[in-house]
Structure formats: C-alpha cells, structure tokens
Ligand code: ASP
C-alpha cells in the first residue's frame with residue numbers, strides 16, 4: 001500500500017506562485033509547449049498497462065490522439081476489467097452498455113453512448129469524429145454505424161460479470177461502491193506494486209512530441225445502472241476535455257456529479273486561469289462538495305489533468321484514486337491526494 005500510494009509530486013501553489021504561473025502562461029500564450037517531451041497520464045492503476053500501448057505511439061513521434069486510442073483499447077479488450085469494454089458489468093437488466101469519447105488537438109471530438117456488442121467503443125467514437133458531421137451517436141444508431149464500418153458484433157457479457165449481476169439481482173439495490181476491488185484479479189501475480197484495484201473508467205490524456213494533445217475516455221459506466229443511463233465519460237466537457245492551447249482533463253467516479261459541474265471543462269478553464277493541474281483538479285472536487293456536501297462524503301470522484309508544460313496532477317474526493325503516468329522520466333502509478 002505505502003509503496004503504491006506515493007503522493008503525486010508537486011504541491012499546491014500559493015497565490016504568489018499562481019501569479020507567476022499565470023504570467024508565464026500569458027507571456028508564452030499557446031506556444032508554451034514542451035516539444036520533444038511527450039507524456040501520457042491515465043486514471044487508476046490499470047492505466048499503467050494502457051500507457052504502454054500509448055507510449056509505443058508517442059515514443060515513435062506519433063500523434064497524441066492515436067496514442068490515447070491505442071492506450072484505452074487495452075483495458076477495453078481485457079475481460080478481467082469489469083468496468084470497461086468487454087467483460088464490463090451490465091446494467092440492471094443484464095445489458096452491457098458502453099460509453100466512450102475522444103478529442104484531438106483541433107477540438108474535433110466524437111462520442112458513443114449506450115453502445116452494445118462492440119469491444120472497442122473508443123474506435124467507434126473516433127470514426128464518429130472523423131467520418132460523420134456529428135459528435136455523438138447513441139444506442140442502436142451507434143451500433144448500426146459501427147457495424148457499417150466493419151466492427152464485429154460480439155457478446156460482451158462474460159460468465160464472471162453475468163454471475164456478479166445475478167448475485168446483485170438477489171437484492172437489486174443500486175449503491176455505487178467506492179474503489180471496487182476486482183474479485184477476479186489475482187494480486188499475487190500482479191507485477192504492479194500494491195496490487196491491482198479494478199476500478200471504473202479509463203480516462204487517458206497525452207501530449208505528443210510536437211506538443212499536441214489528445215484525450216480518450218471509455219467505460220461500461222456504473223454497474224447495474226438503469227438501462228439507457230449515460231454518465232459523464234462520453235460527454236465532452238464532463239468526462240473529458242482537451243484544449244490544445246491550455247491542457248486536458250478527464251475524470252472517473254460517479255458521473256452524475258461530474259456532469260453537474262461540467263468537470264473536465266472546468267478543470268481546463270481553471271488551468272487557463274493559471275492553476276496547476278493538481279490545483280485545478282482540487283478546485284473541481286471542492287465544487288462537487290460545495291454543491292452537495294453530504295452526498296460528496298459518500299461517493300468517489302477523481303480528476304486528472306495535464307498542461308502544455310507537461311505538468312500533471314490529480315485530486316479526488318476520497319482516498320483510493322490513483323493515476324498512471326509515463327514520460328521520459330517516469331513510468332509509475334501515483335496515489336491521488338484527496339479531500340477525505
Ligand atoms: N464515470 C463513470 C460513470 O459515471 C463511472 C466511473 O468512472 O466510475 O459512468
């Protein structure tokens with residue numbers, strides 16, 4: 001635990017430092033990019049494995065948007081990850097419905113919501129972005145679009161997730177659990193320090209060697225949600241936002257509370273005002289608490305962000321949120337600071 005739960009480096013800036021930061025941003029405007037210095041950050045411990053695929057693209061001078069798509073496809077295809085893609089826990093009626101979105105350095109974005117039967121919703125979202133005049137496709141229409149573009153229809157409900165759903169049906173109480181441990185995962189075989197908590201959504205942000213940014217976010221959403229429920233993850237501005245002049249942010253946790261404050265966009269706008277990534281994430285978390293202090297004590301929400309200088313940071317409501325970071329200097333999982 002203690003090895004894994006190393007706190008994110010870099011502290012909250014005092015007001016003088018914030019002013020310096022602001023001045024630096026103003027002076028360099030949108031050219032304050034650390035070119036030749038790529039970075040990828042993603043939510044949770046399992047982001048570390050996803051970062052490997054993203055880093056493969058970034059280290060060959062690939063585009064950030066290609067890196068994040070390649071990265072998040074890893075947990076999407078992993079049946080032991082019960083909160084993303086194939087093997088994701090179903091809704092209360094037993095359907096696995098997936099949400100994903102992607103955004104590039106030109107404010108292009110694509111999203112799919114409540115998509116069934118497709119292992120890689122992120123790649124469908126990318127095609128929505130690149131091949132259609134729209135940004136969002138939902139449900140049956142998203143499936144039709146995916147099939148028309150060569151994606152294969154598959155059964156995403158694994159026996160393990162079906163079993164968990166049948167177990168849940170006995171009481172059928174919708175109570176999102178914070179920081180769920182993955183029962184399927186054999187910790188003794190985990191090469192990562194401290195084991196592998198199988199939580200939630202993967203949100204991934206990258207800056208490539210040219211200093212351009214991209215982001216992706218993909219999830220099966222809250223386990224045993226109502227059929228048709230969509231969370232923050234595929235909503236541009238809520239679960240993900242990329243502004244190539246400033247930075248990028250993404251989130252994981254109870255999506256309803258992130259949507260309420262348009263969380264990822266808020267984090268990016270706070271960075272625009274001069275906040276560090278960590279402090280911007282903290283302010284967004286505090287906003288959630290301000291909206292509903294009682295509820296905020298019982299749920300988890302975490303944000304992670306990067307800026308154009310290649311700095312990263314995270315903040316969460318509760319302990320247990322982690323981020324995976326890879327750049328030229330590090331390839332590590334960090335425990336996020338939290339309010340509670
Ligand atoms: N944000 C996701 C949702 O609300 C779930 C999560 O990240 O835990 O669907």
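The values are calculated or read from the model by the stated rules, or taken from the named source; none is laboratory data. Note that the structure is predicted; figures quoted are calculated from it, not measured. Note that we place each Cβ from the backbone using ideal geometry, even for glycine, and neighbour counts take in every protein chain shown.
At-a-glance table
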item	result
Scan of segment 271-300 for residues that are in a loop (DSSP other than H, G, I, E, B), more than 22 Å from residue 234 (Cα to Cα) and within 15 Å of the ligand (Cβ to nearest atom), ordered by number	298
Matching residues, segment 116-136, being outside any loop (DSSP other than H, G, I, E, B), touching a residue at least 40 places away in the same chain (Cβ under 8 Å) and more than 15 Å from residue 83 (Cα to Cα)	123, 125, 126, 136
Qualifying residue in segment 101-115 (condition: in contact with a helix residue (DSSP H, G or I) (Cβ under 6 Å, 6 or more places away or on another chain), at pLDDT 95 or above, assigned to a helix (DSSP H, G or I) and under 19 Å from residue 220 (Cβ atoms))	no
Scan of segment 235-256 for residues that are part of a loop (DSSP other than H, G, I, E, B) and near the ligand (Cβ under 8 Å from one of its atoms), ordered by number	239, 254
Among the residues listed as 304, 268, 333, the single one being more than 16 Å from the ligand (Cβ to nearest atom) and in a strand (DSSP E or B)	333
Sole exception among (1) on the phi < 0 side of the Ramachandran plot; (2) not in a helix (DSSP H, G or I) for residue 310, by number	(1)
Hits in segment 221-234 - residues which are in contact with a strand residue (DSSP E or B) (Cβ under 7 Å, 6 or more places away or on another chain) and near the ligand (Cβ under 10 Å from one of its atoms)	221, 230, 231, 232, 233, 234
Enumeration of residues in segment 137-163 that are part of a helix (DSSP H, G or I), over 22 Å from residue 223 (Cα atoms) and out of contact with any helix residue (DSSP H, G or I) (no Cβ under 8 Å at 6 or more places or on another chain)	141, 144, 147, 148
Per-region count, segment 211-220, residues within 14 Å of the ligand (Cβ to nearest atom) and either modelled with pLDDT under 95 or part of a strand (DSSP E or B) (or both)	4
Total residues in segment 61-82, condition in a loop (DSSP other than H, G, I, E, B), surrounded by fewer than 24 Cβ atoms within 10 Å (Cβ to Cβ) and touching a strand residue (DSSP E or B) at 6+ places or on another chain (Cβ under 9 Å)	1
Search result, residues across segment 293-309 that are buried (at least 21 other Cβ atoms within 10 Å of the Cβ) and over 17 Å from the mean Cα position of the chain (by Cα)	296, 308
